[in-house]
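Only one structure is covered here, and it is reproduced in the block below.
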Amino acid sequence: MLRFIANILTLPLFYILLPLVVGLIVKRRKIKKVFYGIAIALALFFTNPWIIQQITHQWYQEYDHPIADKEYTYGIVLGGYSDWDWDRNRIEFSDIADRLTEGIRLYKLGKIKKLVLASDGSITETETDEGFRGNPKGVMQTLTLLGIPEEDIIMETKATTTRENATLTLKLIGNDLKEKPSLLITSATHMRRSLLTFNQEGLFPDPYITDTDFRVRGKSIQIMPSINALVSWRVFLHEFIGYWAYKTIA
């Protein structure tokens, strides 16, 4: 029930529809107009790309800095960037694929020694081998074709949440993960909650953010209403509520 409520609270449409529904229910015309006005204002607020860009930037700004000038033993890439296409026998990437591509790039640059895939749809395994699952062998083959030796790839294939990313990766690698320098690679908006979770497990990796908001040269700032802004709000609210839930539970 709590998970259902939390999911509802991450939907920007919920905040737009709530005053609209109240306006439909109340009978007094003046009150109706007030709630209708609130609904319109919230719709304009949540569909404005510039507003959500500013809010998310403030959310991850403290992690938005160049990588430290040192070598990391482990580069921990958090999942969510791909699934395995069983029909075509290949990886299909989502719009946050640079979690993995940046991990690969940093490995190639010699910044990390071991590429740790902390679960992802493309490598997910279940205890019974039924239901949703990925293909870790196929992903391993893909990565080796890209020039990464198999001995430098570590896959955690069971986690389904950010908290499990931390607990199961620590269980897989052991205390070496606490003792050796590591880099946490994930989406900018996801970093705050991810670092909190890893810290709660006694792990203190340096942050490395991906899929950030950035300005394209020659492209003007968009302020007109956009459906994409609602999607960005959904992601931000998920992280905001999740962060405070993790912080409170701990």
- Estimated dipole of segment 29-78 in Debye, rounded to 20 [Cβ of Lys and Arg +1, of Asp and Glu -1, Cα centre]: 900 debye
- Note on the structure: Placing each pseudo-label 7 Å from Cα in the direction of the beta carbon, residue 41 and residue 224 end up separated by a distance in nanometres of 2.6 nm
- Taking N as the number of residues in the chain, what is its alpha-carbon radius of gyration divided by 2.2 N^0.38 Å? 1.16
- Item | Among beta bridges that DSSP assigns inside the chain, antiparallel share in %, nearest 5 | 15 percent
- Task: Please report 191, 140, 155, 224 as a ranked list, fewest other C-beta atoms within 10 angstrom at the top and most at the bottom.
- Result: 224, 140, 155, 191
- Query: Working out 0.36 nm times the residue gap between residue 105 and residue 245, then minus their Cα-Cα distance, what length gain in nm do you get to one decimal?
  - Reply: 47.1 nm
- About the Cα centre of the chain, how large is the charge dipole given +1 on each Lys and Arg Cβ and -1 on each Asp and Glu Cβ? Please answer in debye to the nearest 20. 1680 debye
- Extension gain (nm, one decimal) between residue 9 and residue 199, 0.36 nm per residue minus Cα-Cα: 65.8 nm
- When Lys and Arg each count +1 and Asp and Glu each count -1, what net charge do the other residues less than 12 Å away from residue 161, Cβ to Cβ, add up to? +3
- Karplus-derived 3J(HN,Hα), 6.51/-1.76/1.60, for each residue of segment 60-75, Hz, glycine and proline x: 10, 4, 5, 9, 8, 8, x, 5, 5, 7, 7, 9, 9, 6, 10, x
- Message: With every atom except the alpha carbons ignored, what do you get for Rg and Dmax of segment 67-210, in angstroms?
- Response: 14.1, 44
- What's the extension gain from residue 150 to residue 58 if we count 0.36 nm per residue and subtract their Cα-Cα distance? 29.3 nm
- Note on the structure: Note, residue 119: beta-carbon cut-off 11 Å, +1 each Lys/Arg, -1 each Asp/Glu, net -3
- Message: Can you tell me which of 65, 238, 190 moves the most in a GNM of the chain? Springs connect C-alpha atoms under 10 Å apart.
- Response: 65
- Task: Against the globular-protein guess of 2.2 N^0.38 Å, express the Cα radius of gyration of segment 109-191 as a ratio, rounded to two decimals.
- Result: 1.13
- All other residues with a Cβ under 15 Å from the Cβ of residue 19 taken together, and with Lys, Arg as +1 and Asp, Glu as -1, what is their net charge? +4
- Query: Taking the chain as a Gaussian network, where each spring joins two C-alpha atoms under 10 Å apart, which residue of 226, 119, 194 fluctuates the most?
  - Reply: 226
- Message: Just to verify a number: FRET efficiency for residue 26 and residue 65, C-beta to C-beta distance, R0 = 35 Å, to 0.05?
- Response: 0.10
- Averaging sequence separations of C-alpha pairs under 8 Å and six or more residues apart, then dividing by the length of the chain, give the relative contact order as a whole percent. 25 percent
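Only the coordinates and a few stated rules stand behind these numbers; no lab work does. None of these values were measured; they are calculated from a predicted model. Methodologically, a virtual Cβ is constructed for each residue, glycine included, from the backbone with ideal geometry; neighbour enumeration extends over all protein chains shown.
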